[in-house]
Amino acid sequence: MKHSFLRSLVCAALAVVLALNAWGCGPAQTDEPQNEQEEIAMETISLNGQWEFYRDDTALGGKLRQDDELDGTPSLSGGEAVSATLHVPNPEQMFYSKLQLTMDFGTELVTADGELPTVYAKIGDGDEFSVDISDYTHNLKDTTHVIDVGLYGADLCEGNNTVTVRSNITSGPITLRSIDLCYYPVLMFRDTMRSITVPGVWETQLGEEYTNYNGVGWYLRSFDLPRLAKGQQYTLTLEAVDYYAEIWLNGRFITSHEDGYTPIVIDLAQYADFLQMHDNRLVVRVTDQDTASNATFPIKQTLAGFYHDSVGINFAGIWNDVYLTPRGQTRVVDMHVQTDIDTMAVTVQATLKNPVQAATVDATVTILDGDELLSSETIENISVEEARNVAIRSEQVIEHAALWEISSPKLYTVRVELYDGGTCVDTTQTPFGFTSIRAEEDKLIFNDRIIKINGILSWLGNWEQLSPRFDE
């Protein structure tokens with residue numbers, strides 16, 4: 001009897017492990033460690049195409065709050081850390097989880113040496129995850145913020161779990177109101193998955209029963225990775241997800257994003273140890289807007305457009321491209337291009353960062369017309385401190401450049417390449433055009449001449465013609 005029980009226990013444990021691996025929650029496969037790879041992968045890896053999809057009508061899941069009320073509203077400023085206890089009765093059901101911190105802070109947060117304001121959290125002795133709160137500090141209206149922080153479900157244990165939260169804020173008011181564990185038990189979904197194409201929306205792909213479905217959908221995609229050079233990492237980009245996205249990679253919660261129109265760009269540097277050469281699992285939970293009075297995201301309070309008012313169609317899903325981009329440890333994290341049509345000058349401002357270690361690099365800023373080199377400038381010996389942004393600026397004049405006109409939208413390319421010891425470690429580029437637009441009283445001035453905009457609203461006649469594309 002005893003041996004029979006032990007065999008049953010072992011089989012049950014094995015079943016859970018296999019299920020976790022199937023949904024990307026298992027341990028990373030380290031058959032080919034990244035830090036020993038020599039080949040350089042510079043091509044973008046597309047994750048478009050067929051994904052698995054599950055319609056979650058029940059929106060299963062829950063939320064656990066810390067056991068005891070926090071002592072007042074503890075401060076996270078000045079290097080102080082706050083610990084609290086979460087009691088987890090059944091961690092095996094919390095395969096996809098995230099920490100949710102409710103915090104109070106304003107716009108005047110100060111960090112050491114200009115670091116980005118960041119909050120860190122971890123469960124017990126598990127991995128510490130961080131989130132950049134810069135975007136929240138730009139909000140001049142609200143001072144109470146709900147912030148999602150990364151979590152690995154396997155770090156949870158049955159019973160009491162210690163959660164530790166800290167920040168890099170040296171001065172300025174930042175306090176912690178509460179700590180919640182949000183979880184979704186999704187293993188039972190595997191038997192009811194179906195295929196869906198990304199990019200696309202579920203209203204136009206999955207049949208009539210999805211035409212007016214404003215609920216929750218789960219997306220799952222597996223992918224392999226090519227070899228990387230030492231020091232290379234990836235950024236993950238989802239160009240648009242409508243409406244609210246929660247994202248896990250190999251069982252680790254990465255980020256959430258509200259807004260169906262702006263891209264989600266994730267630096268995977270802090271998740272490098274979790275990436276595998278084969279069978280990486282990307283999971284995206286999508287929550288649509290709804291017209292219901294108790295909806296999590298009421299349509300009237302979001303940027304849903306107004307077409308749903310006429311035909312009752314509210315599109316949802318991963319409706320734009322998804323891809324991975326190999327990047328160097330020292331990389332360009334932001335770039336802005338400005339043109340002057342009077343002088344034909346191009347001003348390029350780029351922000352560099354190395355999240356791992358300090359480095360010294362050279363930057364080459366190149367202006368191209370197709371494959372033709374028009375101009376180039378090299379900025380040497382740029383010192384990039386660990387985890388700190390550094391800005392560079394290049395101004396170049398392109399004589400006889402063509403303007404971007406409505407009838408002839410001429411585009412050029414600016415490319416920024418970073419070199420370490422003569423080796424290119426990162427490259428990024430963006431198209432741009434020479435143009436100007438401004439408003440003067442009731443006039444619109446485009447390329448130094450007055451233009452008039454005429455047009456009417458056209459409903460076409462078939463709502464499917466307005467849906468986002470999906471590739472066959």
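Among the residues of the stretch 369-418, those identified as among the β-branched types (Val, Ile, Thr) and over 30 Å from Gln329 (Cβ atoms) are Val397, Ile398, Ile406.
Taking first residues from the stretch 416-433 that are more than 16 Å from Gln233 (Cβ to Cβ) and partners that are among the aromatic types (Phe, Trp, Tyr) and surrounded by 18 or more Cβ atoms within 10 Å (Cβ to Cβ), the Cβ contacts under 9 Å between residues at least 6 apart in sequence or on separate chains come to Pro431/Tyr412; Phe432/Trp404; Phe432/Tyr412; Gly433/Trp404; Gly433/Tyr412.
Please tell me if Val365 is modelled with pLDDT of 95 or more, surrounded by 12 or more Cβ atoms within 10 Å (Cβ to Cβ) and part of a strand (DSSP E or B). Yes. Scanning the stretch 421-441 for residues that are among the polar types (S, T, N, Q), assigned to a strand (DSSP E or B) and modelled with pLDDT of 95 or more turns up nothing. For the stretch 219-233, the count of residues that are of a type outside the set (A, V, I, L, M, F, W, C), buried (at least 19 other Cβ atoms within 10 Å of the Cβ) and within 16 Å of Thr287 (Cα to Cα) is nonzero. Among the residues making up the stretch 442-469, those that are surrounded by 14 or more Cβ atoms within 10 Å (Cβ to Cβ), at pLDDT below 75 and not in a helix (DSSP H, G or I) are Ser467, Pro468.
Screening the candidates Gln396, Gln349 for the property of being touching a His at 6+ places or on another chain (Cβ under 8 Å) and not aliphatic (A, V, I, L, M) yields one hit, Gln349. Of all residues in the stretch 395-418, those satisfying the criterion of being within 20 Å of Arg327 (Cβ to Cβ) and either surrounded by 18 or more Cβ atoms within 10 Å (Cβ to Cβ) or not β-branched (Val, Ile, Thr) (or both) are Val414, Arg415, Val416, Glu417, Leu418. The residues of the stretch 376-393 that are within 21 Å of Thr423 (Cα to Cα), in contact (Cβ under 8 Å) with a residue 24 or more places away in the chain and not hydrophobic (A, V, I, L, M, F, W, C), listed by number, are Ser383, Glu385, Glu386.
Only one of the numbered conditions (1) in a strand (DSSP E or B); (2) polar (S, T, N, Q); (3) touching a Ser or Thr at 6+ places or on another chain (Cβ under 9 Å) is violated by Thr197, and that is (3).
Looking at Ser195, Ser130, Ser167, just one residue is among the hydroxyl-bearing types (Ser, Thr, Tyr), within 29 Å of Phe315 (Cα to Cα) and modelled with pLDDT of 80 or more, and that residue is Ser195.
The values are calculated or read from the model by the stated rules, or taken from the named source; none is laboratory data. Every value quoted in this text rests on a predicted model; they were computed, and no experiment measured them. All Cβ positions, even for glycine, are placed from backbone atoms using ideal geometry, and neighbour counts span all protein chains on display.
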